[in-house]
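Data block below; observations after.
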Amino acid sequence: MAPTLLHIAERRHWESARAAGVSYEMSTLGRTLADEGFIHCSTDETQVEGVLARFYRSVDRNDLVLLVIDPTLLDAPVRYEPVDGDVFPHVFGPIPLSAIIDVRALPETR
């Protein structure tokens, strides 16, 4: 298991969960945990950049944040699953706010 997981979050969804004090339940761009069955994550910034380039090109990076997650603080299982020749971590449940140990801006590199 990676020491931390990274999740690209739409800023408005992250801020809404944080303000309400509820677990984070967005899976990916415009899709919830309930829609997908898990929350998409990455193991490192290289994977994050690939996901940004492939799925988030049309989204202003100022509207996104990078959640840094401590997997030891999750109540849900994490499964590392193959996707397009790489292996990505998927969290099979909500992410408690206490498991989010840092929130970072995404660099503008496009």
If contacts are Cα pairs under 8 angstrom and at least 6 residues apart, what is the relative contact order of region 5-105 in percent? 36
By the gyration tensor of its Cα atoms, with a ≥ b ≥ c the square roots of the eigenvalues, what is the shape of region 16-110: rounded for a/c under 1.5, prolate for a/b over b/c, or oblate? oblate
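If we count other beta carbons within 10 Å of each Cβ, what is the order of ARG61, ARG18, ARG54, fewest first?
Ascending number of Cβ neighbours within 10 Å: ARG54, ARG18, ARG61.
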Under the 0.36 nm per residue contour assumption, what length would be gained going from the current alpha-carbon distance of ASP70 and ASP35 to full extension? 10.3 nm
For the chain, set up a Gaussian network in which alpha carbons nearer than 10 Å are linked by springs, and say which option among SER98, SER42, SER23 fluctuates the most. SER98
Ranked on Cβ counts within 10 Å of their own Cβ, fewest leading, LEU5, LEU33 go LEU33, LEU5
Max mean-square fluctuation residue, GNM over the chain, Cα-Cα springs under 10 Å, options PRO82, PRO71, PRO96: PRO82
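No value in this document is a laboratory result; all are computed from the given coordinates. This structure is a prediction, so every number in the text was calculated from the model and none was measured. Methodologically, a virtual Cβ is constructed for each residue, glycine included, from the backbone with ideal geometry; neighbour enumeration extends over all protein chains shown.
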